[in-house]
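Structure provided below as structure tokens; questions to follow.
No value in this document is a laboratory result; all are computed from the given coordinates. In this text, all values refer to a predicted model and were calculated from it rather than measured experimentally. Cβ sites come from the backbone with ideal geometry, for glycine too, and all protein chains shown count toward neighbours.
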Amino acid sequence: MVKKKPVRLRPYYRTRYAYQKLRVCKHCHHFTVLWEDTCANCGRHALIPVMDQAAINAKRSMQTERLSALLLTLVAVLLSQTFLQIAVCLGGGLLLTVLLWLLQRRMLPSETRRQLDKLLHGSQRLILEGIYLNLSTASAAIKDDEQIGYEILREIATIVHNDRIRLQQIVLLQSFVLRKDMDLELEPLLIEDFDSDLAAYIGEIAKVKRELIKASAIRYLLIHERYILQMKQGASIMTAAAGAAVRMKKYVDMYPDFIRRYARGLPRERFLRLYQIVRRNPDQSWDGLRDEVSAIYNEKYRWDPDFQKWE
């Protein structure tokens, strides 16, 4: 049995959009999703968020437009033949340039988004090259420090969504001592096929951070229940997930048969939670779940004062 390591994962900063994880080097235009200070490609301290680069591009584009307006004004002045024409061209050109500047200030947010879209679509090859370099960094880090390797893969997974990276993360997580205070995740790691490490990870999550057990995780367990039960701790995994599910009535409504099958193995405090839900909803049978809960109550908890409060 592999001994698990205690680790302290650095905080994971979630962003609204995946692209907000990307940074680009102002010098060589290399992309990265990591927190490194220097560009891995050219070694310079020139990494900035892609949104900042888009803002720079937008301001540069607007500056070019203003310079073009001033240049046209200058040409008009040079071609003028009278003082009045010079005054009109100069005044009109300067006024139009000021109006253009005021309009550009209002249009800066939308122009920045346009430049961002242009940057991302025009740099797909460079972005892929940067991600591959990040993956190489992760592979090298895993050999020396599994914690750093996991943290790198976690950042890459924000941009690259594939089962290979998910499974690498799961294997690394299974080598750590998991705690409730750790910044853990489950839904982004789910895959379609059965994987024993993923099933074991769900079982641990159900114990240390049960709020992460949601409908998608329960569906995964039910789809692969036959294979999970063949695992050494398979029944414990399913029971732990059922115990996590009873924290919310909606999961009892959605998966009553699943909870019924594993209700007898629930720890006392999880069964008490299920018992409370059943007692609060006397009109619902949940396909035999109510009868199973009553039978377990009569066998094991009939004289328990915490249960008698709900009589």
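Could you name the lysines whose alpha carbon sits less than 16 Å from that of Lys309, not counting residues in the same chain fewer than 8 places away?
Excluding near neighbours in sequence, the set is Lys300.
May I pose another question? Starting from the Cα of Lys250, draw a straight line to each of the aspartates and glutamates and keep only those under 14 Å, dropping any in the same chain fewer than 8 residues away.
Straight-line reach from Lys250, under 14 Å: Glu211.
Here's something else I'd like to know. For the chain, can you list the cysteines whose C-beta has no other cysteine C-beta under 4.7 Å from it?
Cys89
Relative to the present Cα-Cα distance, how much length would full extension add between Lys214 and Asp287 at 0.36 nm per residue of separation? Show your work: numbers first, answer last.
On the way: separation 73, 0.36 × 73 = 26.28 nm, distance 2.09 nm.
Between Lys214 and Asp287, full extension yields an extra 24.2 nm.
On to the next question. Based on Cβ point charges of +1 for Lys and Arg and -1 for Asp and Glu, what charge dipole magnitude is obtained for the chain about its Cα centre, in debye rounded to the nearest 20? Write out the running numbers ahead of the final one.
Values: 48 positive and 35 negative charges, 116 e Å.
Roughly 560 debye, rounded to the nearest 20.
I would also like to ask the following. With unit charges on the beta carbons (Lys and Arg positive, Asp and Glu negative) and the dipole taken about the Cα centre of the chain, which residue among Met254, Ile165, Leu274 sits farthest to the positive side?
Leu274
Dipole magnitude of the stretch 113-157 about its Cα centre, charges +1 at Lys/Arg Cβ and -1 at Asp/Glu Cβ only, in debye to the nearest 20? Intermediate values should be presented prior to the final figure.
Working: 6 positive and 7 negative charges, 93 e Å.
I would put it at about 440 debye.
Could I ask something else about it? Cross-link partners among lysines for Lys249, C-alpha distance below 19 Å, same-chain residues fewer than 8 apart left out?
Cα-Cα hits under 19 Å: Lys207, Lys209, Lys214.
Rounded to the nearest 500, what is the chain's calculated 222 nm mean residue ellipticity when only DSSP H runs of at least 4 contribute -39500 (n - 2.57) each, over all residues? Write out the running numbers ahead of the final one.
On the way: 14 runs with 192 residues, N = 311.
The per-residue figure over the chain is -20000 deg cm²/dmol.
Further, regarding this structure: If you put +1 on each Lys and Arg Cβ and -1 on each Asp and Glu Cβ, how big is the dipole of the stretch 18-126 around its Cα centre, in Debye rounded to 20?
Details: 13 positive and 6 negative charges, 32 e Å.
Rounded to the nearest 20 debye, it is 160 debye.
Sort the following peptides by mean Cβ neighbour count (other Cβ atoms within 10 Å, averaged over residues), highest first: 151-159, 16-24. Intermediate values should be presented prior to the final figure.
Details: 151-159: 20.6, 16-24: 16.9.
Top of the packing list down: 151-159, 16-24.
Kindly put Cys25, Cys89, Cys42 in sequence by how many other C-beta atoms sit within 10 Å of each C-beta, fewest to most. Can you show the working numbers first?
Numbers: Cys25 23, Cys89 19, Cys42 12.
Going from sparsest to densest Cβ surroundings: Cys42, Cys89, Cys25.
Related question: Whole angstrom only: what separates the Cα centroid of the stretch 1-57 from the Cα centroid of the stretch 93-129?
Going from one Cα centre to the other spans 23 Å.
Taking the Cα atoms of the chain alone, what are Rg (to one decimal) and Dmax (as a whole number) in Å?
Values for the chain (Cα only, Rg and Dmax): 30.2, 108 Å.
Here is a follow-up. Distance in nm between label sites at Asp183 and Lys232, each 7 Å beyond Cα in the beta-carbon direction?
Calculated label separation equals 3.3 nm.
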